[in-house]
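Below is one structure; the comments refer to it alone.
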Amino acid sequence: MGIPVVEENRKTVYSVLVVDDDPEVGQFMLGCVQHLGHDVDWSSHPYDALELIARKKYDLVVTDLKMPDMDGLTLLKRIKNLNDDTEVIVITGYGSVENALDCINAGAVDYLIKPFSVEQIQVALIKTIRHIELKKLAKEREHYLEMSYEDALTGVYNRRFFDESLKLEIIKSSRRQTPFCLLMIDVDHFKTFNDTFGHQMGDEALSKLGAVFRSTCRGYDIVTRYGGEEFAIIFPETAKEMASTLCDRLMNEIENLAKDLPKISETEGLAVSIGVACFPHDADGARQLIERADIALYEAKRTGRRKYKIYGMF
């Protein structure tokens, strides 16, 4: 069938599986892939191919549509069930628009009709490899974006995410005419806790607090580490009348957590103070809302800690 002619210089080597019951086509496809510098295996039977795929992660599978015991469309669906990231090119000698649509709808990245030239198959391979690379790049960017918004110690969002989210929540709240609450939370006597039990135990306490906040809040509530031992939680679409209920629930969960942590004294375990302010009831912007929540937090700490205060209600 000829010698592959398309040159493709790439540093990354991808793994490819060719599935075709025709040895001549199989060897031709092997040559095309090898010429592009990628690792390639060949299977003449779809069930053998599935066993290979279960044992080894392939970046790309090139499969014939007509094979004994199992058609290529069924194989395509099973490949996607095993690993949706594996891309599939379908080749066939019995092409039709319906077959092509079925394959594309089932997840095939390309569909080629025999007879095809060396150049055609290699162009299809190169396009698919580039598609794989773009997907990986997009996932890496998404991962780094998530990491840039996540506090590594506690697993909640970080200050950067809080600042951006609060601005957006102000806009949404103003547009929809729906209130929301901001809770500023500070761990009481955390320096003493650190000095007494060490920074490792202090980090563990913060990590467990983050987990408690995540599990106690709703999926769309925004839990963040504001800095040091201070957390901030945004409760969207929440009226000021609900603030006491929210704080009581958090306080109860933290009290339960404290039972599993060492106590600073015989009577005093891990505890927090909470300050609450609500938009638009207490403030007309993000900065003022934070200031009002901080005032409430200061009042909670000034009057004995281990409690919450709601701005305008003390």
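Specify which of the listed residues (ASP64, ASP59, ASP69) is under 19 Å from LEU30 (Cβ atoms), touching a Phe, Trp or Tyr at 6+ places or on another chain (Cβ under 7 Å) and of a type outside the set (A, V, I, L, M, F, W, C). Talk me through it step by step, then tell me what you get.
Details: ASP64 fails: touching a Phe, Trp or Tyr at 6+ places or on another chain (Cβ under 7 Å); ASP69 fails: under 19 Å from LEU30 (Cβ atoms).
It is ASP59.
Run ILE185 past the list (1) at pLDDT below 95; (2) closer than 25 Å to ALA283 by Cα; (3) of a type in the set (Val, Ile, Thr) and report the number of the one that doesn't hold.
(1)
Provide a single number: the residues in segment 109-128 that are out of contact with any Phe, Trp or Tyr (no Cβ under 9 Å at 6 or more places or on another chain), closer than 22 Å to GLU24 by Cβ and either at pLDDT 85 or above or assigned to a helix (DSSP H, G or I) (or both).
Result for segment 109-128: 8.
How many of the residues making up segment 137-157 are more than 20 Å from VAL212 (Cβ to Cβ) and of a type in the set (A, V, I, L, M, F, W, C)?
The total comes to 4.
Pick from VAL25, VAL33, VAL62: which is surrounded by 16 or more Cβ atoms within 10 Å (Cβ to Cβ), of a type in the set (A, V, I, L, M) and either within 32 Å of the chain's Cα centre (by Cα) or not in a helix (DSSP H, G or I) (or both)?
Being surrounded by 16 or more Cβ atoms within 10 Å (Cβ to Cβ), of a type in the set (A, V, I, L, M) and either within 32 Å of the chain's Cα centre (by Cα) or not in a helix (DSSP H, G or I) (or both) holds for just one of VAL25, VAL33, VAL62, which is VAL62.
Select from segment 156-194 the residues that are of a type in the set (A, V, I, L, M, F, W, C) and assigned to a loop (DSSP other than H, G, I, E, B) and list them in ascending order.
Within segment 156-194, the first condition is being of a type in the set (A, V, I, L, M, F, W, C), and the residues that meet it are 156, 161-162, 166, 168, 170-171, 180-185, 187, 190, 193.
Scanning segment 156-194 gives a single hit, VAL156.
Search segment 90-108 for residues being part of a helix (DSSP H, G or I) and in contact (Cβ under 8 Å) with a residue 12 or more places away in the chain, and hand back the single one that is surrounded by the most Cβ atoms within 10 Å (Cβ to Cβ).
Residues of segment 90-108 part of a helix (DSSP H, G or I): 97-105.
Now restrict to residues that are in contact (Cβ under 8 Å) with a residue 12 or more places away in the chain: 99, 102-103.
On the way: ASN99: 19, ASP102: 16, CYS103: 23.
For segment 90-108, the residue satisfying everything is CYS103.
Hey, does segment 247-257 have a residue that's out of contact with any strand residue (DSSP E or B) (no Cβ under 6 Å at 6 or more places or on another chain), in the same structural domain as ILE170 (by TED's automatic domain parsing) and farther than 28 Å from GLN200 by Cα?
Yes, that holds for at least one residue.
Please go through (1) within 25 Å of TYR226 (Cβ to Cβ); (2) in contact with a Ser or Thr (Cβ under 7 Å, 6 or more places away or on another chain); (3) part of a helix (DSSP H, G or I) for LEU153 and return the number of the only condition it doesn't satisfy.
(3)
Out of all the residues in segment 76-89, which are part of a loop (DSSP other than H, G, I, E, B), surrounded by fewer than 17 Cβ atoms within 10 Å (Cβ to Cβ) and in contact with a helix residue (DSSP H, G or I) (Cβ under 9 Å, 6 or more places away or on another chain)?
Taking segment 76-89 and keeping what is part of a loop (DSSP other than H, G, I, E, B), we get 83-86.
From the residues that got through so far, the ones that are surrounded by fewer than 17 Cβ atoms within 10 Å (Cβ to Cβ) too are 83-85.
Of everything in segment 76-89, those that are part of a loop (DSSP other than H, G, I, E, B), surrounded by fewer than 17 Cβ atoms within 10 Å (Cβ to Cβ) and in contact with a helix residue (DSSP H, G or I) (Cβ under 9 Å, 6 or more places away or on another chain) turn out to be ASN83, ASP85.
The values are calculated or read from the model by the stated rules, or taken from the named source; none is laboratory data. This one's a predicted model, so the numbers in the text were calculated from it and none came from an experiment. FYI the Cβ positions are ideal-geometry reconstructions off the backbone, even for glycines, and counts take in every protein chain you see.
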